[in-house]
1. State whether the residues of the range 132-140 include one that is modelled with pLDDT under 80, of a type outside the set (A, V, I, L, M), within 30 Å of L290 (Cβ to Cβ) and open to solvent by 10 Å² or more (accessible area, probe 1.4 Å).
2. Here is a list of conditions, (1) in a loop (DSSP other than H, G, I, E, B); (2) buried (at least 19 other Cβ atoms within 10 Å of the Cβ), and A259 meets all of them except one; can you say which number that is?
3. With respect to the numbered conditions (1) under 30 Å from R318 (Cβ atoms); (2) within 22 Å of the chain's Cα centre (by Cα), which one is the sole condition not fulfilled by D233?
4. More than 17 Å from the chain's Cα centre (by Cα) and not in a helix (DSSP H, G or I): which single residue out of A264, A306, A293, A239 fits that description?
5. Which of the residues belonging to the range 273-328 are of a type in the set (V, I, T) and crowded, with 20+ Cβ neighbours inside 10 Å?
6. What do you reckon, is A331 of a type in the set (A, V, I, L, M), over 15 Å from P261 (Cβ atoms) and open to solvent by less than 10 Å² (accessible area, probe 1.4 Å)?
Amino acid sequence: MNLLLVGREETPAAVRGVDLRRPAAALLTAAAVPDKLAECHWRSRLWGALVLRRAEEGSVLPRQQTGASPQRLLTTLLGEYWLDSPAALPMSGLIALLAEFGISETSARATANRLVKRGVLAAEKSGRQSYLRLSDSRQKNASIVRFGSEAQDWDGLWTVAAFSVPEQERHVRHRVRSYLRWLGFAPLFDGLWVSAHADPGLLTPILRAAGVENLTVLRASEAGGASPLRAWDLDDVAASYRQFISDQRETLAQMKAGALPPSAALVHRTKVFDAWRVFPGLDPNLPEKLLPADWPRAQACELFAALFDGLAPLAALRFRQIIEAHDSELAELTAYRTTATWAAC
């Protein structure tokens, strides 16, 4: 494949000077966003801050997984129905919440303790009762809910990352590939990765922190040869969207028929969120002009929004009922967010 180089990349003015080491939530107000193209770069810097932190720690980002682990399940529940509350919840209430999903008391306690050790939950005592509070996961949840709902402009240029890592440093290569995939890149050839949306200004500090010294980052347009689209298995992505649509149709029909009680609504809403959360890591979110006419993302996104919003009131009611059995005053603080309120974050 031939690439026409277009010169040195300038970081967009909307995000120039933003410190990647600041917490991702703080970056939300760090720059004005004048247009859709700048907004795309701006949002990518939020992911970049998270990836840079992992690179500096020398840790590998988690693989996209299906099915909710108890830890992820608990943080999802608290992030959806308790995120805006300053109050801590009793351990007994959290155990009861997880019991709705078939998780035993022993496993629930172990889950909470692991999250406390990781710093995801903050613990406090009142008499013999333990209380726990969730650290802010606002931006992570917002990025999942918003995914696929916003059309993105494209300037026709690809971000290209070329690097080499010595054979004896395979552990570095493994970490770098993990970071690049989370930033929306895919390998076109060995050591040559491409993305339609990634901000080039993110790559150098991340790859340097990971231990890569020999690297070049370019912005380029196609000049012939094989299309950069071959870097992704778009058939697999499309199949995943169609499977999501197939899996959720029955739940949508039950919801429209009013056949789901609050307990089922809580379980189904959590499951649909967990199923949707794999797509930001699976789908490179390529420009619409590059995708097939029957690309199923829009249909899947519409279905996700219908279920996420439609099930919210009953799901929140069930959350409140569970907490009420342990602390009636705290139960009144239960709230929920729709796709519209998450979009405003």
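The values are calculated or read from the model by the stated rules, or taken from the named source; none is laboratory data. Nothing here was measured: the structure is a model prediction, and the numbers come from that model. Neighbour counts run over all protein chains shown; Cβ positions are idealised from the backbone, glycine included. With ligands, DNA and RNA removed, areas are computed over all heavy atoms of the protein, side chains included. Shrake-Rupley method; radii C 1.70, N 1.55, O 1.52, S 1.80 Å.
1. yes
2. (2)
3. With respect to (1) under 30 Å from R318 (Cβ atoms); (2) within 22 Å of the chain's Cα centre (by Cα), D233 is out only on (1).
4. On the way: A264 fails: not in a helix (DSSP H, G or I); A306 fails: not in a helix (DSSP H, G or I); A239 fails: not in a helix (DSSP H, G or I).
Residue meeting the stated conditions: A293.
5. Correct list: I322, I323.
6. Numbers: of a type in the set (A, V, I, L, M): yes; over 15 Å from P261 (Cβ atoms): yes; open to solvent by less than 10 Å² (accessible area, probe 1.4 Å): yes.
Yes.
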